[in-house]
Amino acid sequence: MDLTIGAVPLMYLPLDDAQSNKSSSRRNIVRATALICAVGLAGAAFFSIKDNCCGNGITQSTMQRPAAMMRGVLPRAALAGRAFRPSSFNRRSVRGFADVMSASDMIAADAFDPPSQKTAFMFPGQGAQFVGMGAALAEEVPEAKEYFDKASEILGYDLLQLCKEGPKEKLDATDVSQPAIFVSSMAGIEKLKKDKGAGIVDDATVAMGLSLGEYSALCFAGAISFEDGVRLVQERGAAMQAAADMTKSSMASVIGLDSEKVSELCKAASEQSGKPVQIANYLCKGNYAVSGDAEAIDKVMEIAKPDFKARMAVKLAVAGAFHTDFMKPAVERLQNMLDKVEVKEPRIPVVSNVDGKAHKDPKVIKEILKQQVTSPVLWENTMAAMLESDFEQAYEIGPGKVLAGILKRFDKKAQIENIEV
């Protein structure tokens with residue numbers, strides 16, 4: 001398997017060298033060169049693409065940019081590399097970069113206008129599950145239990161029973177934990193409505209979710225039905241588990257370092273182990289998850305504290321290297337399932353993990369969801385942008401309090417209420 005650290009998402013493909021439309025190719029090259037020069041002259045960002053990038057696809061590229069300038073264009077983990085030098089470019093390299101930008105423009109053109117983030121609904125991702133979740137909720141709120149009943153019919157097993165009693169090993173399995181968290185989160189909406197009135201959902205101005213939680217956010221926003229959401233996350237979990245089983249890979253949480261230091265740590269671990277590792281989850285300053293080959297993760301654990309002065313490095317109990325190219329085998333299965341479900345324009349903006357923007361075109365939303373499994377999670381950008389806007393109140397709906405904790409790391413005074421399940 002040809003793995004590349006910080007790979008550009010799958011939709012960003014280089015222009016086919018066999019393409020006969022030379023004038024179109026020429027325009028792409030001129031356009032890319034103009035953009036590169038403009039950014040370079042501004043002193044705000046630098047780009048570099050290896051000369052051989054188009055030979056093996058754009059995943060051979062390395063780039064760099066500040067989040068403020070390039071937010072929404074390319075994921076941050078895909079943008080690590082050397083500074084732009086005109087001599088390092090050849091015609092094919094620039095052509096590949098031009099096509100990357102064309103794909104980005106397609107997604108950027110679809111984005112909502114900057115959404116009001118006055119009232120944000122947040123949904124947790126994988127890892128938030130625990131044995132016992134949903135038990136009290138299902139007893140207290142009959143409408144919530146209906147979600148578990150519907151999901152059980154689709155999944156073919158008693159989901160509520162599994163959530164209530166475990167065993168933990170089974171609940172933690174990727175293909176089980178993902179639907180369990182999704183269903184628990186959607187059931188949690190019913191608890192919120194019971195506690196604060198049905199009109200509370202109309203107060204939401206924006207929704208967002210961490211990785212898996214993006215599906216919950218889309219369902220809450222009416223972009224996907226609950227039933228299709230269950231089918232999607234079941235297949236997503238199964239596909240990711242199958243991809244993880246193909247190689248020995250893992251993840252680790254690194255605490256106490258900024259993103260630049262964690263990137264340096266990943267580079268050192270990769271060089272010393274000869275295996276790939278990269279930042280996969282940008283959660284908040286001082287809290288990042290790295291993902292890669294198992295040997296590289298072991299090296300991260302070994303050198304993080306003594307060599308890079310990390311406060312803590314903890315190996316995560318996950319099936320494999322999520323949000324990296326290790327998950328490429330899962331993309332086709334997920335795409336096949338996405339083709340079978342209807343996605344509608346969401347009633348409120350849903351911020352994407354991939355580019356930090358909210359999208360409304362159903363086709364673009366499907367493309368974003370496909371990219372998400374191999375792209376880093378830009379939660380740090382999402383939180384920073386929210387707090388810089390008209391934000392007043394957030395609700396975290398689902399198991400655990402991870403997202404509330406992250407938000408408080410940004411602003412201790414931030415108002416967030418956790419709706420536990």
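Restricting the stretch 279-364 to chymotrypsin sites (Phe, Trp or Tyr not before Pro) that sit in a DSSP loop and have at most 16 other Cβ atoms within 10 Å of their own Cβ leaves nothing. Taken about its Cα centre, the stretch 248-315 carries a charge dipole of about 200 debye when Lys and Arg each add +1 at the Cβ and Asp and Glu each add -1 at the Cβ. Ignoring aspartates and glutamates fewer than eight residues from residue 145 along the same chain, the ones with Cα atoms less than 14 angstrom from its Cα are 153, 158, 190. Each residue of the stretch 180-185 was assigned a 3J(HN,Hα) from its phi angle through the Karplus expression (A = 6.51, B = -1.76, C = 1.60, θ = phi - 60°), giving 5, 5, 4, 5, 4, 5 Hz with x at Gly and Pro.
Length gain on complete extension for the stretch residue 412 to residue 225, per 0.36 nm per residue less the alpha carbon to alpha carbon distance?
Values: separation 187, 0.36 × 187 = 67.32 nm, distance 3.51 nm.
Between residue 412 and residue 225, full extension yields 63.8 nm more.
Here the label points at residue 158 and residue 140, each 7 Å from Cα along the C-beta direction, are separated by 2.3 nm in the simple model.
Multiplying the residue separation of residue 247 and residue 390 by 0.36 nm and removing their Cα-Cα distance gives an extension gain of 47.0 nm.
With the alpha-carbon atoms of the stretch 248-315 aligned to their principal axes, the span from lowest to highest coordinate is 27, 22, 18 Å, starting with the largest. When you count the other C-beta atoms within 10 angstrom of each residue and take the mean per peptide, 373-382, 177-186 line up highest first as 177-186, 373-382.
Think of each Lys and Arg Cβ as +1 and each Asp and Glu Cβ as -1; about the Cα centre, that makes the dipole of the stretch 211-358 roughly 340 debye. Set the Förster radius R0 to 45 Å, insert the Cβ-Cβ distance between residue 264 and residue 339 as r into 1/(1 + (r/R0)^6), and round the FRET efficiency to 0.05. Once the sixth-power term is evaluated, E becomes 0.65.
Scanning residues 5 or more positions from residue 396 or on other chains, those with amide H under 5 Å from its amide H are 122, 417, 418, 419, with H placed 1.01 Å from N in the peptide plane. Placing R0 at 30 angstrom, the Cβ-Cβ distance between residue 255 and residue 168 gives a FRET efficiency of 0.80 after rounding to 0.05. Could you tell me which of the pairs 150/170; 168/360; 118/248; 150/194; 194/328; 150/285 are separated by over 31 angstrom between their Cα atoms in the structure shown? Those over the limit are 168/360; 118/248; 194/328; 150/285.
Any chance you could run the full-extension gain for residue 347 through residue 196? It's 0.36 nm times the residue separation minus the Cα-Cα distance, nm to one decimal.
Values: separation 151, 0.36 × 151 = 54.36 nm, distance 2.08 nm.
Full extension from residue 347 to residue 196 adds 52.3 nm.
Computed from the coordinates by the stated procedures, all read-outs in this text should not be read as laboratory data. Just so it is clear, the model here is predicted, and its values are computed rather than measured. Here the Cβ is made from the backbone with ideal geometry for all residues, glycine too, and neighbour counts use every protein chain on show.
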